[in-house]
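Data first, discussion second: the structure below is written as structure tokens.
The values are calculated or read from the model by the stated rules, or taken from the named source; none is laboratory data. All values derive from a computational prediction rather than experimental measurement. Neighbour counts run over all protein chains shown; Cβ positions are idealised from the backbone, glycine included. The protein model used for the area step is the full one, side chains on, heavy atoms only, and it has no ligands, DNA or RNA in it. Shrake-Rupley method; radii C 1.70, N 1.55, O 1.52, S 1.80 Å.
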Amino acid sequence: MNTDKAYLLGIIIGGGIFGNAEDVFRIKLPYNKWGSYIENPQRAGQIARDILMKVGQMFRAVYNLSIQYETTPKGTWTILCEGDTTALKEDFAHYGIECEGELRGKADITLLIQDLVDVNLKRRFIAGIADTIGSMAKTHRRFTDEHQIISFEIKGFNYKFVCNLCHLLYSINCIPDQVIWNHPNIHSTKNPFYDTWCKGFKLRILLDQYAQFGAFAFRTKAETSIENRALQHQTHKAEICETRSMNISPSTIHKGENDARLPEIIKGGHYLHNRHFCAVLGCEHAPYDKICECFARVGEYINPFPILCKETTQRIEKIINETTLYSERNYETFNLHVSELLSIYENNKSTLMYGNNNSCGYPILEILQGVAYVIANNDELNGTRIKGNYIDLINKHILSNGTLTVEIKRPDLLTPLIIKGIDRSALVGPVNPRVYSRLVSFSSENAYKMVVRPITLEDLQND
């Protein structure tokens, strides 16, 4: 192992795709708009030089392979590697990695990492990963431009790969800022009927942190790192996972929690926070005590119903008809002035409506988001999302129609409330912590793996 080989192994793991051909494989660089020769021809020219002068020279020196490249107007680049690939495939076989299909989706890099015996080898391997799937888009940030991020974008369900990469970064003192896991508890926290939750992983690192401990081989990546960091007003230090604060928002119980593609250690569990996954996976940096503290209030953090489901009226009616617990309810139907709901919100943003006591009911925050979706004009929506602030949209519609009302259908038990429109409707699930806490158990094989059973009619009747 040397630094050039470590880099090439990284770039192949990050973007390598192997087909049936014995003498050629591809490395995909999914740069999207960032690498577009239409949007930024100067950067695209530098990417081409990086491929030919840096990657090409290393492939010739280490594996005697020649390379070409292809690109698209949208910014995806593909490196074509040609020649006798026997030596390269033997190296991967030595580490137990089969050169078939898209490597990062299934590769186990455990043995490979063991050969990265010093910091320089580790940094070069990580540089190969960063030059392929390390996204430098300015939209990757922590809320504002002040905290710029490099985001490692990883498809599929290779949890072990993400864990290994995270540990490797820790070993060079490059502390990850956040791991966004490929799981419905992360990608669909409010709507259990959202089927396209599979959006891959994002392993995010503060750019200041990566600039200090990580590396790039591509000049274009290094220059973009400097440009993005210039948007900040100060330098930011990373905080280790054990001591960082945890802010937990309630999440719905999603059918995708039992998806067959999830690894067994993850499948069937419900997760409260991205670091809850780390605890179940046994990471030494997981905040185990903080996770256990959350379990004591678990009824506040889970919801067996949709927290907020925004769909067409036809789709909402189908959901109700196909869900016995919803379809067997008696609903009281009435119209409410939108201005009245807004006044309730302005008086107390934590209000729970129509509950049996002070700790249960329907959150005014979710009701108003459902109302905004139902009353919005088509040009005020991006799919089911409101363009801009939903309270501003509601105020705008009240100004144009002071008597504006919405139809509410309230069930006889604490199942989802229906906000019904002509073309669009919404379901709002109730808060009911005492009942929900009784749905929770823990795996006998993993003390941190939380399992939530479906709610029943008896659960609600015995409240």
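Some notes on this structure:
- Tally, over the range 8-53, of residues that are open to solvent by 80 Å² or more (accessible area, probe 1.4 Å), assigned to a helix (DSSP H, G or I) and not polar (S, T, N, Q): 4
- In the range 303-318, the residues that are crowded, with 20+ Cβ neighbours inside 10 Å and among the β-branched types (Val, Ile, Thr): ILE307, ILE316
- If you filter the range 84-95 down to residues that are in contact (Cβ under 8 Å) with a residue 60 or more places away in the chain and open to solvent by 30 Å² or more (accessible area, probe 1.4 Å), you find that the one that is nearest to the chain's Cα centre (by Cα) is ASP91.
- Residue check: GLU98 meets all listed conditions (1) in contact (Cβ under 8 Å) with a residue 24 or more places away in the chain; (2) open to solvent by 70 Å² or more (accessible area, probe 1.4 Å); (3) in a loop (DSSP other than H, G, I, E, B) but one, namely (1).
- Which listed residue is outside any strand (DSSP E or B), touching a strand residue (DSSP E or B) at 6+ places or on another chain (Cβ under 9 Å) and either touching a residue at least 40 places away in the same chain (Cβ under 8 Å) or open to solvent by less than 30 Å² (accessible area, probe 1.4 Å) (or both), from TYR210, TYR170: TYR210
- Members of the range 143-158 found to be under 15 Å from the mean Cα position of the chain (by Cα) and open to solvent by 10 Å² or more (accessible area, probe 1.4 Å), listed by number: PHE143, GLU153, LYS155, GLY156, PHE157, ASN158
- Residue satisfying condition, being open to solvent by 50 Å² or more (accessible area, probe 1.4 Å) and either part of a loop (DSSP other than H, G, I, E, B) or assigned by TED's automatic domain parsing to the domain that holds HIS167 (or both), within set ALA286, ALA260: ALA260
- Checked against the criteria, GLU102 counts as among the charged types (D, E, K, R), in the same structural domain as GLY214 (by TED's automatic domain parsing) and in contact with a Gly (Cβ under 9 Å, 6 or more places away or on another chain).
- Among residues that are open to solvent by 70 Å² or more (accessible area, probe 1.4 Å), without any contact (Cβ under 8 Å) to a residue 40 or more places away in the chain and among the charged types (D, E, K, R), GLU300 is not included.
- Among the residues of the range 324-360, the one identified as under 34 Å from the mean Cα position of the chain (by Cα), surrounded by fewer than 17 Cβ atoms within 10 Å (Cβ to Cβ) and among the hydrophobic types (A, V, I, L, M, F, W, C) is ILE344.
- Residue-level check: of (1) farther than 30 Å from VAL440 by Cα; (2) of a type in the set (Asp, Glu); (3) touching a residue at least 40 places away in the same chain (Cβ under 8 Å), GLU242 misses just (1).
- Filtered residues of the range 101-134 (kept if outside any helix (DSSP H, G or I) and buried (at least 19 other Cβ atoms within 10 Å of the Cβ)): ALA107, ILE109, LEU116, GLY134
- Pairs are defined by a Cβ separation below 9 Å, a sequence spacing of at least 6 or placement on different chains, a first member in the range 358-380 that is on the phi > 0 side of the Ramachandran plot, and a second member that is among the hydrophobic types (A, V, I, L, M, F, W, C); the pairs so defined are GLY361/LEU352; GLY361/MET353; GLY361/LEU414; GLY361/VAL431.
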